[in-house]
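Below is one structure, written out as structure tokens; the observations come after it.
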Amino acid sequence: MTTDQDQTEALQTRLRQAHADGSPVDIRGGGSKGFYGRPVNAAPLEIGGHRGIIDHEPGELVLTARAGTPLDEIRTRLAGHGQMLPFEPPAFGPRATFGGTIATGLSGPRRPYAGAVRDAVLGVRMLNGQGEVLRFGGQVMKNVAGYDVSRLMAGAQGTLGILLDISVKVLPRPAFTLTLIQAASASRALESLQEWGLRPLPLSAACHVDDTLHIRLCGARQGVEQAAELIGGEVMEGADDFWHGIREQTHSFFHGGAPLWRVSVPPGTPMTGFPEACLVDWGGALRWFYSEAPAADIRTLAEARGGHATLFRGHAGGRMEPFHPLPAPMLTLQRRLKAAFDPRGILNPGRLYPEL
């Protein structure tokens, strides 16, 4: 029987050899998010076998699991204890792993109200580009001294190290959930969301699509019902399916064939300049749309509004850059981080940017 130590040592041996040879590796878990980012031209390094929940303390609201653990297994364990991952991550298929969820840093509709992936990460055990085992953070909320290195792994897409184990904070599932729908233009929806954002309302998701504003409320039943009366609208039937479709991109909006753009902006940003056929999520802070326009034009639009643009799908196998260019000082910092964790640049080289 292969033990956790055996798996770790096997990965260490592979990485040490790759480091000595200067041979890059393409880190792979379940492959459900392989479309996200630039392609890596390197030998695959499978880590999906490094799996299993290590520790779950429901009373402490903390879970620790190996990176190859299926995301569905994590969700099932938490649901059995009336808990959930606060950032509501997308899986994009049944093969999604816990490590891939953290490495891509993608959050679902609950993100603006419960925090991003990195906000939930408490600690990691990982391998750097030299095959050394490193530990950062821990399994409690107050364990950080100096740089919070463990949270750097959220969204790094394996360019800084291979995640072995991750500890995250979890949340109790809300006692009561209700989704309201209102007919509204995107501009009117943004105005309403700005107004409600100034009040202590139990919002947990807000999305506008197909000329309809969807507002999800979560919490104690009495508080949710009082908020619903204030907000108004109709109670939506089949709301769980709707939010699943938004999170997993199975909603009909995501069936388009053109390049799909994901633009992050301050939530109150007007719709001026954005396509009419635009899905607005995160209470106004996330805009999804399809466009064949030059990437530079879309990124100029995003920058002018204080945001950034990601070519989420349809980047033609890396011939179009998926991620918003970094300012020179930030790119220099990222290069230094890469050099510190992966001196020979063998871990997922070019996954985020050609220079990394």
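Some notes on this structure:
- Across the range 143-223, the volume of the C-alpha convex hull divided among the residues equals 192 Å³ per residue.
- Gyration tensor (alpha-carbon) shape descriptor, the range 237-281, a/c threshold 1.5: oblate
- Once the Cα atoms are used to define both axes, helix 221-231 deviates from the longest principal axis of the chain by about 60 degrees.
- Residue-wise HN-Hα couplings along the range 56-69, as the Karplus relation 6.51 cos²θ - 1.76 cosθ + 1.60 with θ = phi - 60° gives them from phi, are 9, 10, x, x, 9, 6, 9, 10, 10, 8, 6, 5, x, 5 Hz; Gly and Pro carry x.
- Sorting Glu60, Glu225 on solvent-accessible area from highest to lowest, probe radius 1.4 Å, gives Glu60, Glu225.
- Most fluctuating residue given options Arg28, Arg95, Arg319, as computed from a GNM of the chain linking Cα atoms under 10 Å: Arg319
- Beta bridge orientation in the chain: antiparallel %, DSSP, nearest 5: 90 percent
- Expected 222 nm ellipticity per residue - DSSP helices of 4 or more, -39500 (n - 2.57), all of the chain, to 500: -8000 deg cm²/dmol
- For the range 50-137, the list of chymotrypsin sites (Phe, Trp or Tyr not before Pro) that fall in a loop by DSSP and count at most 10 other C-beta atoms within 10 angstrom is empty.
- Cα centroid separation, the range 189-211 to the range 1-43: 42 Å.
- Build a GNM of the chain with springs between Cα atoms under 10 Å apart, and of Leu260, Leu326, Leu201 the one that fluctuates most is Leu326.
- Under 12 Å, Cβ to Cβ, from Leu331 - net charge with Lys/Arg +1 and Asp/Glu -1: +2
- For the chain, the per residue solvent-accessible surface stands at 45 Å², with DNA, RNA and ligands left out and a 1.4 Å probe.
- Translational diffusion of the range 267-356 was estimated from the Stokes-Einstein equation, with Rh taken as the Kirkwood radius over Cα pairs; at 4 °C and 1.567 mPa s the coefficient is 87 µm²/s.
- By a 1.4 Å probe calculation restricted to protein chains, Met84 has an accessible surface near 30 Å², given to the nearest 10.
- Rg(Cα)/(2.2 N^0.38 Å) for the chain, N = residue count: 1.02
- Residue-span extension gain [Ser185 to Arg336] - 0.36 nm each, minus C-alpha spacing: 49.8 nm
- Pair-distance profile P(r), taking every C-alpha pair of the range 213-345, with 10 angstrom steps and integer %: 10, 31, 29, 20, 9, 2
- Cα radius of gyration and Dmax for the range 5-150 (Å): 15.8, 48
- Rough spin-label spacing in nm, given labels placed 7 Å along Cα→Cβ, for Arg16 and Glu292: 5.4 nm
- Rounded to 10°, Cα long-axis angle of helix 4-21 versus longest principal axis of the chain: 70 degrees
- Approximate spin-label separation Gln226-Asp6, in nm, with each point projected 7 Å along Cα-to-Cβ: 5.8 nm
- Ordered from largest to smallest accessible area (heavy atoms of protein chains, 1.4 Å probe), the residues Asp6, Asp26, Asp240 come out as Asp240, Asp6, Asp26.
- Around Met84: net Lys/Arg minus Asp/Glu count, Cβ-Cβ under 12 Å: +4
- For the range 263-330, applying the loop criterion from DSSP together with a ceiling of 10 other beta carbons within 10 Å to the GluC sites (Glu not before Pro) yields Glu276, Glu292.
The values are calculated or read from the model by the stated rules, or taken from the named source; none is laboratory data. In this text, all values refer to a predicted model and were calculated from it rather than measured experimentally. Cβ atoms come from the backbone with ideal geometry, glycine included; neighbour counts cover every protein chain shown. Heads up: the accessible areas ignore ligands, DNA and RNA and are worked out on the full protein's heavy atoms, side chains in. Shrake-Rupley method; radii C 1.70, N 1.55, O 1.52, S 1.80 Å.
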